[in-house]
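Please treat every number below as a calculation from the coordinates, not as lab data. All values reported here derive from a predicted model rather than from experimental measurement. Heads up, the Cβs are rebuilt from the backbone with ideal geometry, glycines too, and the neighbour counts pull from every protein chain shown.
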Amino acid sequence: MSILKGNNINLRALEPSDVDLLYGWENNSNIWSVSNTLVPFSRFVLEKYIADSHLDIFQARQLRLMIDLVGAGHNETIGAIDLYDFDPMNKRAGIGILISDEKYRNKGYATEALGLLINYSFDILQLHQIFCYIDCDNKISINLFEKFRFKITGEKKDWNITPEGWKSEFMLQLINPRSRS
């Protein structure tokens with residue numbers, strides 16, 4: 001079995017046909033707060049992003065993989081998982097995940113995708129650590145990352161302004177248990 005294939009989902013590279021999905025996700029203002037987005041993306045920008053996605057993570061300093069639900073009559077893209085702020089010198093990267101439709105949330109797909117990307121990050125990329133930033137009120141995401149032994153290592157007080165007011169943000173880190181000091 002491939003390191004990017006699980007029981008219910010596969011992680012795969014971007015394809016030109018993904019532009020419509022990305023366009024919908026990136027321009028959904030309801031999720032801008034979790035991605036620190038302030039403006040919509042044009043189709044042209046997203047097509048260029050996909051065209052440049054052939055660059056490896058060492059060139060692009062980021063990697064987006066699509067989350068495909070597979071098997072038992074399913075073959076649908078349900079989200080994306082990213083490595084960003086890739087720092088090869090210090091062997092670390094940030095991680096972010098999106099399950100786009102609520103009907104696919106709380107079914108274990110994000111857990112499976114995160115587990116696959118953690119293994120890829122540590123076994124293939126040989127990273128020493130991965131990290132993420134999560135709104136302090138986002139208990140579901142915090143619980144997801146804590147399942148994999150991510151630890152809250154910092155809190156940025158009143159970090160992001162939202163329609164509800166200022167929100168604080170946690171930084172979570174996972175150190176590769178197999179990496180050398």
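So here's what we get for this one:
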| quantity | calculated |
| --- | --- |
| Residue-span extension gain [Q62 to I3] - 0.36 nm each, minus C-alpha spacing | 19.4 nm |
| Computed FRET value (nearest 0.05) for R178 with E15, which takes r as the C-beta separation and R₀ as 22 Å | 0.10 |
| Segment I124-E164, length gained on full extension (0.36 nm per residue, minus Cα span) | 10.3 nm |
| Highest average packing first - 154-165, 94-105, Cβ atoms within 10 Å | 94-105, 154-165 |
| Anisotropy class of the stretch 47-181 from Cα gyration tensor, a/c 1.5 cut | rounded |
